[in-house]
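Taking it in order: structure first as structure tokens, then the write-up.
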Amino acid sequence: MIDLALVIVGLALIAVGVFYDFVGAIGLLRLPNFFTRLHAATAGAIGGAVVPMIGAALVALGADYLGPPRFFLAGAAFASSLLLMVLSQAGSHAIARAAYLSGEASVEPALYDALKKREGEV
């Protein structure tokens, strides 16, 4: 009974990931500037990759017919999802900072710009 529950929850998480991918793709097409599009891409990466990987890990744990390798599959999926959760946010931050510093992406109108260099600063 627990195995069936793991599979059902895993499949539900995979379906949620499909929804996040769909919304992220629409955001990439419809949002107005670089930074909001980057936000949609990051949300799509987290929700559309991390959540389904956790779902796949739960499905692997619930699949008795896989035998002992199912624990390896589930562990690899959990580890990959944790790694992707950390690295996608760091990567999107690095991309946003590089776009800002290069001057290719505008942030107007900005009320407060913490990255803007003050006069006289090196």
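The values are calculated or read from the model by the stated rules, or taken from the named source; none is laboratory data. All figures in this text were calculated on a predicted structure; none of them were measured in a lab. All Cβ positions, glycine included, derive from the backbone under ideal geometry; neighbour counts span all protein chains shown.
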Q | In the range 40-54, the residues that are more than 19 Å from residue 6 (Cα to Cα) and without any contact (Cβ under 8 Å) to a residue 40 or more places away in the chain | A | 40, 43, 44, 47, 48
**Q.** Yes/no for residue 75 being within 26 Å of residue 3 (Cα to Cα), surrounded by fewer than 16 Cβ atoms within 10 Å (Cβ to Cβ) and of a type outside the set (Val, Ile, Thr)
**A.** yes
Q) Here are 111, 101: which of them is surrounded by fewer than 17 Cβ atoms within 10 Å (Cβ to Cβ), over 20 Å from the mean Cα position of the chain (by Cα), assigned to a helix (DSSP H, G or I) and at pLDDT below 85? A) 101
(Q) Quick test of your reading of the structure: residue 30 fulfils all but one of (1) closer than 17 Å to residue 8 by Cβ; (2) charged (D, E, K, R); (3) surrounded by fewer than 14 Cβ atoms within 10 Å (Cβ to Cβ). Name the failing condition by number. (A) (1)
Q) What pairs come up if the first residue lies in the range 1-30 and is in contact (Cβ under 8 Å) with a residue 60 or more places away in the chain, the second is surrounded by fewer than 16 Cβ atoms within 10 Å (Cβ to Cβ) and outside any helix (DSSP H, G or I), and their beta carbons are under 6 Å apart, counting only those six or more places apart or on different chains? A) none
